[in-house]
Amino acid sequence: MTRRVPEELTCAEMVRLVTDFLEDALSLEDRTHFEQHLVFCKGCAAYVRQMRKTIEASSALKGEGLSAEAQAELLRLFKGTCK
Amino acid sequence: MIAYKFLAAGRTGPFTGYVWPERQWVDAPSSREGAGVHACRIADLPFWIDHELWQIELAGPVVERETQVEARRGRLAGRVGSWDARALAEFAVHGALRARDLAVLALGDAGIRSDALARAVTLQETRVVLESLPALSGVPAEMAAYAREACTRALDGAAASATHMAAVAAVALLGPTGFAAERSIQSRWIAERCGL
């Protein structure tokens, strides 16, 4: 279906904006549209909850006990995704 | 100013996770625009549906925006008890049946008889009738799809989603002004149902 309400965000746009939303970096207008989308879209609401939990869980990791090989592999994968 | 605020269960802010105290003034965490205490006028309610509805007293400068108001301080004055699980479910049904009504109009405009759809009373019945319609195209097909989806979401208990679908369907049928018109119908429904 086409986007019938132009000022509303699509789910794809929500995914693109989620980091800015969680870092409180959205404009007031975008934030309002983002939050309104969360009210009616269960999928995006679940996605944002999941992102919050991931950030919370990964913040608790200290990096201790991670082997040099695993660290190198993670860095390689991370650089790959940033290309 | 007295306004309204939707919260998740347990007086919890749906986006911040902040648990609101009852009857105590709460100051906005910062003076930055957008970081204030948000609340609804009656017309704003359909945009922010959640499990609990509270009356909130606002203080300090109150900025009115398109779908909400923002103040520097707020105090939950009392819960709107008539907004409960049953009201939420009824609101979902309202949204789905409004989407159905709009689909009936679209089908009529296209010369397609839809008496059974107009007569359907329950969401299940409405969905069955929608699924048994002949192959449609264009606006009637789109409207039938919105109505079917709204029924599915209402049956799933997703009131905000079902009523949003009705508002989108109104745009498809009536043009850009349809969205605000449908949200207005929904806000009146909430006000009447809850005695606001």
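The values are calculated or read from the model by the stated rules, or taken from the named source; none is laboratory data. All values reported here derive from a predicted model rather than from experimental measurement. Quick reminder, even Gly has a Cβ in these numbers, built from the backbone with ideal geometry, and neighbours come from all protein chains shown. We work out accessible area using only protein heavy atoms, side chains counted, and drop any ligands, DNA or RNA first. Shrake-Rupley method; radii C 1.70, N 1.55, O 1.52, S 1.80 Å.
Some points to look at:
- Checked against (1) within 14 Å of chain A (Cβ to nearest Cβ); (2) in contact with a helix residue (DSSP H, G or I) (Cβ under 8 Å, 6 or more places away or on another chain); (3) over 22 Å from A:Glu35 (Cβ atoms), B:Ala162 meets all criteria but (3).
- Unmet requirement for B:Ala35, which otherwise passes all of (1) assigned to a loop (DSSP other than H, G, I, E, B); (2) free of Cβ contacts under 8 Å to residues at least 40 places away in the same chain; (3) open to solvent by 30 Å² or more (accessible area, probe 1.4 Å); (4) closer than 29 Å to A:Ala25 by Cβ: (3)
- Any hit, segment B:49-66, residues being at the interface with chain A (Cβ under 10 Å from one of its Cβ atoms), without any contact (Cβ under 8 Å) to a residue 60 or more places away in the chain and either in contact with a helix residue (DSSP H, G or I) (Cβ under 7 Å, 6 or more places away or on another chain) or farther than 25 Å from A:Phe40 by Cα (or both): no
- B:Thr152 being open to solvent by 10 Å² or more (accessible area, probe 1.4 Å), assigned by TED's automatic domain parsing to the domain that holds B:Val104 and of a type in the set (Ser, Thr, Tyr): yes
- Conditions (1) open to solvent by 60 Å² or more (accessible area, probe 1.4 Å); (2) within 14 Å of chain A (Cβ to nearest Cβ): number failed by B:Lys5: (1)
- Once segment B:167-186 is narrowed to residues that are under 17 Å from the mean Cα position of the chain (by Cα) and without any contact (Cβ under 8 Å) to a residue 12 or more places away in the chain, the residue that is surrounded by the fewest Cβ atoms within 10 Å (Cβ to Cβ) is B:Thr177.
- For segment B:106-146, a residue qualifies if it is surrounded by 14 or more Cβ atoms within 10 Å (Cβ to Cβ), among the polar types (S, T, N, Q) and under 23 Å from B:Asp156 (Cβ atoms), and exactly one does: B:Thr126.
- Residue selected from segment A:29-40 under the condition within 17 Å of B:Glu149 (Cβ to Cβ) and at the interface with another protein chain (Cβ under 7 Å from one of its Cβ atoms), by the criterion surrounded by the most Cβ atoms within 10 Å (Cβ to Cβ): A:Phe40
- Those residues of segment B:8-32 which are open to solvent by less than 70 Å² (accessible area, probe 1.4 Å) and outside any loop (DSSP other than H, G, I, E, B), in sequence order: B:Ala8, B:Thr12, B:Val26
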